[in-house]
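Heads up: the structure comes next, in structure tokens.
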Amino acid sequence: METKIFDLKKDTKRILVIIIAALLMAVNIKTFVQAGNLLPGGATGLTLLIQRAVKLFFDLDIPYSPINILLNAIPAFIGFKFIGKKFTIYSCLMIFLVGLFADLIPAYTITDDVLLVSIFGGLINGAAISICLSVEATSGGTDFIAIYMSEKKHMDSWNFVLGINAVILSVAGLLFGWDKALYSIIFQYASTQTIHLLFQHYQKETLLVVTKHPELVSEIIHAKSHHGATIIKAEGSYEHKETFIVYSVIGKDQYISIVSIIKQEDPDAFINTIDTESLTGRFFHKKTE
């Protein structure tokens, strides 16, 4: 069966979503981020850091786009070689559009309260990144590294990105004062937590289903997630009747659809889920295009 290189409906949707995410991120940069003189971290934050350093030491205004594209060159190569070609192409589109919109959109101050700017700017930044990630693209820079590590280690790596950004923010603190750097850490923390909440692709759930129809439940899990299951014979402590426990680990983003189908097909099933912090062994993961 031949795989389609270009799916008109799917790829048109991806482009439209990326445009929305890029516009949201650019507006955030020109309102909340610049109003509070914050650094959002990653390549975007490093770009703004370079712009402000050049302005401080040489009194020159340099455009956003060329610096941002240059800083994203190496992470983009990593994405192209190790993650996926279409993923990298759409990520580069996101990078280009954010830079274009950031250069075109005029600066506007919504509030002068730096704490509000840090919190709400971080929330919007995280939402923009999550929207982008939902269609298998990223905003570039350290996000490429996070996805690369998540693909290789099969785990959520956004806290690692938070650590990288802490280094960038420390440099900003040395150059422009620690107040702004500390507020930027609040911004970055809010952004990271928003991504954790909205983008659950690399997060996992342990699923324990007590049922009298183990084969049916196992088939539902496999059909919706491509993951297998372990069937364990059990006995109810109250009625002392034979029952079964179906044990499986699934993606957190698959949880709602799988549980709803199980309850629909087996209303008497007793379902318990546990957040999976660490996993060793084979675990199916759909390859990023």
Test Thr88 against the criterion of being assigned to a loop (DSSP other than H, G, I, E, B), touching a Phe, Trp or Tyr at 6+ places or on another chain (Cβ under 9 Å), surrounded by 13 or more Cβ atoms within 10 Å (Cβ to Cβ) and not hydrophobic (A, V, I, L, M, F, W, C), and give yes or no. no
Set Val54, Val33: member being assigned to a helix (DSSP H, G or I), modelled with pLDDT under 85 and either more than 19 Å from the chain's Cα centre (by Cα) or among the hydroxyl-bearing types (Ser, Thr, Tyr) (or both): Val33
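Condition check ((1) in the same structural domain as Thr47 (by TED's automatic domain parsing); (2) touching a Lys or Arg at 6+ places or on another chain (Cβ under 9 Å); (3) surrounded by fewer than 21 Cβ atoms within 10 Å (Cβ to Cβ)) across all residues:
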{"position": "Leu104", "(1), (2), (3)": "yes, no, yes"}
{"position": "Ala107", "(1), (2), (3)": "yes, yes, yes"}
{"position": "Asp113", "(1), (2), (3)": "yes, no, yes"}
{"position": "Val117", "(1), (2), (3)": "yes, no, no"}
{"position": "Ser130", "(1), (2), (3)": "yes, no, yes"}
Restricting the search to region 259-289, which residues are within 30 Å of Phe82 (Cα to Cα) and either at pLDDT 80 or above or surrounded by 12 or more Cβ atoms within 10 Å (Cβ to Cβ) (or both)? Asp275, Thr276, Leu279, Phe283, Phe284, His285, Thr288, Glu289
Suppose the filter is hydroxyl-bearing (Ser, Thr, Tyr), in contact with a Phe, Trp or Tyr (Cβ under 8 Å, 6 or more places away or on another chain) and in a helix (DSSP H, G or I); does Tyr183 pass it? no
Out of all the residues in region 211-233, is one or more surrounded by 14 or more Cβ atoms within 10 Å (Cβ to Cβ), at pLDDT below 90 and part of a strand (DSSP E or B)? no
When Leu39 is run through (1) modelled with pLDDT of 75 or more; (2) in contact with a Lys or Arg (Cβ under 9 Å, 6 or more places away or on another chain), the failure sits at (1)
Would you call Gly163 in a helix (DSSP H, G or I), farther than 20 Å from Ile119 by Cβ and either aromatic (Phe, Trp, Tyr) or in the same structural domain as Phe57 (by TED's automatic domain parsing) (or both)? yes
Which of the residues belonging to region 105-119 are free of Cβ contacts under 8 Å to residues at least 24 places away in the same chain and more than 25 Å from the chain's Cα centre (by Cα)? Asp113
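The values are calculated or read from the model by the stated rules, or taken from the named source; none is laboratory data. Since we're looking at a predicted model, the values are computed, not measured. Cβ coordinates were reconstructed from backbone atoms using ideal geometry, including for glycine residues, and neighbour counts include every protein chain displayed.
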